Amino acid sequence: MRQRRSTIIALPFFFLLISSSHCFGQDLKIDDKPSQDTSIVYKDGFYEGKSQSHYTGEPYWGSAKITIKNGSLAGIDFMIRDSALHETFDGNYEKHFQGIPEYIQQSRNDWNGVQTYPKKLSEVKYIDKVDAMSGATWSCNIFKASVKEALKNAKE
């Protein structure tokens, strides 16, 4: 009980930290934007990437599962897992922040990002064209880093 309580107490500090972070393209850029004379071709298949982005001191891991068909992105699933609490970050995760409206809102913003970023990548096809949504930079950073890991093995 004491360890769970300290974890729950520490979580608000995590959200305070992430609320000031940014989704910098230089840190997370994938070399998959075609230049004028070349483009990267991907091997068909199913690939998974896991990453914490630059949040290595936190217990959160992103997992991107991508499907490549005909050399192009055909599907993507993304989630963030809290390895300390052994649960998936989802729309109910805000329960850990009862009575702290700022953290509840941060949790909601990042949950919106978790749901939105895969759809955006499916539309734009290039990870560097997926922009962070206001208030959801933490989920953006983890999403981009996870996709980058998945695409490493898909390059021909």
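So which of 90, 110, 128 is farther than 18 Å from residue 48 by Cβ and buried (at least 19 other Cβ atoms within 10 Å of the Cβ)?
On the way: 90 fails: buried (at least 19 other Cβ atoms within 10 Å of the Cβ); 128 fails: buried (at least 19 other Cβ atoms within 10 Å of the Cβ).
Being farther than 18 Å from residue 48 by Cβ and buried (at least 19 other Cβ atoms within 10 Å of the Cβ) holds for just one of 90, 110, 128, which is 110.
Taking every residue in the stretch 119-138 that is under 17 Å from residue 42 (Cβ atoms) and among the hydroxyl-bearing types (Ser, Thr, Tyr) and pairing it with any residue that is modelled with pLDDT of 95 or more and loosely packed, with under 15 Cβ neighbours inside 10 Å, at least 6 positions away or on another chain, yields no pair with a Cβ-Cβ distance below 6 Å.
Note on the stretch 51-83: residues that are surrounded by 16 or more Cβ atoms within 10 Å (Cβ to Cβ), of a type outside the set (D, E, K, R) and farther than 29 Å from residue 125 by Cβ amount to 1.
State whether one or more residues within the stretch 139-150 are surrounded by fewer than 20 Cβ atoms within 10 Å (Cβ to Cβ), of a type in the set (A, V, I, L, M) and either touching a residue at least 24 places away in the same chain (Cβ under 8 Å) or over 17 Å from residue 49 (Cα atoms) (or both). No; the residues of the stretch 139-150 include none that is surrounded by fewer than 20 Cβ atoms within 10 Å (Cβ to Cβ), of a type in the set (A, V, I, L, M) and either touching a residue at least 24 places away in the same chain (Cβ under 8 Å) or over 17 Å from residue 49 (Cα atoms) (or both).
The values are calculated or read from the model by the stated rules, or taken from the named source; none is laboratory data. Quick caveat, the model's predicted, so the values are computed rather than measured. Positions of Cβ are backbone-derived with ideal geometry, glycine not excepted, and every protein chain shown enters the neighbour counts.
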